[in-house]
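*Asks:* First, the structure itself, so that you have it in front of you.
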Amino acid sequence: MEDTKNEVEKVAFEASEIEYVSYGGEHHLPLIMRLVDEELSEPYSIFTYRYFVYLWPQLCFLAFHGDRCVGTVVCKMGDHRNTFRGYIAMLVVIKPYRGRGIASELVTRSIEVMMESGCEEVTLEAEVTNKGALALYGRLGFIRAKRLFRYYLNGVDAFRLKLLFPHRPPMLANWEGNEVQCSDDSSKQYQGLPFECC
């Protein structure tokens, strides 16, 4: 007899049928809460959700298939130890919709806003047993920065994952305050870094 308990029936859809929207207000909050409460191991209070979506609504995205909310990402950004850092707090895609690029699109949208806002890096924690999440973030360029023992309430360890953005060279200005191009000599001080000077 086959064990079908853990099998999830996938939903047939085209990628173009998924609509991605920014957090639009209080009417989206119950959708986010339901997804996170059903799919993630950590419990969150209404105050935690409101903290993120009220202070950083531009970093919260939802994915819809028709009228059904099938995924969400909730993030924040701010100063952390002399670094302006983005943080991915919650990422959920319901099981029938996983493996079709929805999570990647949600995370990518939030990372783009973080980069445009001047973040130098993005971090998050993921359960060491969550192979799907670790693979997703690995494909997006995140590295495992640290193992956090018994991090979650269920006793499972976490990896702190980190995505570093390339440093930009300092803005150069002439004595009148106008921007100037880097000379060939000035670019030598940046050799080996993942960008070119001018």
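The values are calculated or read from the model by the stated rules, or taken from the named source; none is laboratory data. Everything quoted here is computed from the prediction, not taken from an experiment. No Cβ is skipped: glycine too gets one built from the backbone with ideal geometry, and neighbour counts run over all protein chains shown. Just so you know, the surface numbers come from the protein's heavy atoms only, side chains and all, with ligands and any DNA or RNA stripped out. Shrake-Rupley method; radii C 1.70, N 1.55, O 1.52, S 1.80 Å.
*Asks:* Of all residues in region 33-56, which are assigned to a helix (DSSP H, G or I) and surrounded by 15 or more Cβ atoms within 10 Å (Cβ to Cβ)? Full working, then the answer.
*Replies:* Step one: filter region 33-56 for residues assigned to a helix (DSSP H, G or I), giving 33-39, 46-55.
Matches in region 33-56: Met33, Leu35, Val36, Glu39, Thr48, Tyr49, Tyr51, Phe52, Val53.
*Asks:* Going through region 43-55 one residue at a time, which ones are within 30 Å of Val11 (Cβ to Cβ) and among the aromatic types (Phe, Trp, Tyr)? Walk me through it before giving the result.
*Replies:* Step one: of region 43-55, the residues within 30 Å of Val11 (Cβ to Cβ) are 43-44, 46, 48-49, 52-53.
Across region 43-55, the qualifying residues are Tyr44, Tyr49, Phe52.
*Asks:* May I pose another question? Across region 35-47, what is the total count of residues that are under 14 Å from Val73 (Cα atoms) and touching a strand residue (DSSP E or B) at 6+ places or on another chain (Cβ under 8 Å)? Let's see the steps before the verdict.
*Replies:* As a first pass, look at region 35-47 and keep what is under 14 Å from Val73 (Cα atoms): 35-37, 39-40.
Now restrict to residues that are touching a strand residue (DSSP E or B) at 6+ places or on another chain (Cβ under 8 Å): 35-36, 39-40.
Counting residues in region 35-47 that are under 14 Å from Val73 (Cα atoms) and touching a strand residue (DSSP E or B) at 6+ places or on another chain (Cβ under 8 Å) gives 4.
*Asks:* Which pairs have Cβ atoms under 6 Å, sit 6 or more apart or on different chains, and link a residue in region 35-56 that is under 18 Å from Tyr23 (Cβ atoms) to one that is part of a helix (DSSP H, G or I) and among the hydrophobic types (A, V, I, L, M, F, W, C)?
*Replies:* Tyr49/Met33
*Asks:* Mind listing just one residue for me: the one in region 80-98 that is open to solvent by less than 40 Å² (accessible area, probe 1.4 Å) and part of a helix (DSSP H, G or I) and, of those, farthest from Ile18 (Cα to Cα)?
*Replies:* Of everything passing the filter in region 80-98, Pro96 is farthest from Ile18 (Cα to Cα).
*Asks:* I've got another one for you. Of everything in region 12-31 that's closer than 15 Å to Ile102 by Cβ, among the hydrophobic types (A, V, I, L, M, F, W, C) and in a helix (DSSP H, G or I), which residue is most open to solvent (accessible area, probe 1.4 Å)?
*Replies:* Within region 12-31, the first condition is being closer than 15 Å to Ile102 by Cβ, and the residues that meet it are 12-21, 31.
Narrowing further to those that are among the hydrophobic types (A, V, I, L, M, F, W, C): 12-13, 15, 18, 21, 31.
Retained after the next criterion (residues that are in a helix (DSSP H, G or I)): 15, 31.
Numbers: Ala15: 73, Leu31: 49 Å².
Here the answer is Ala15.
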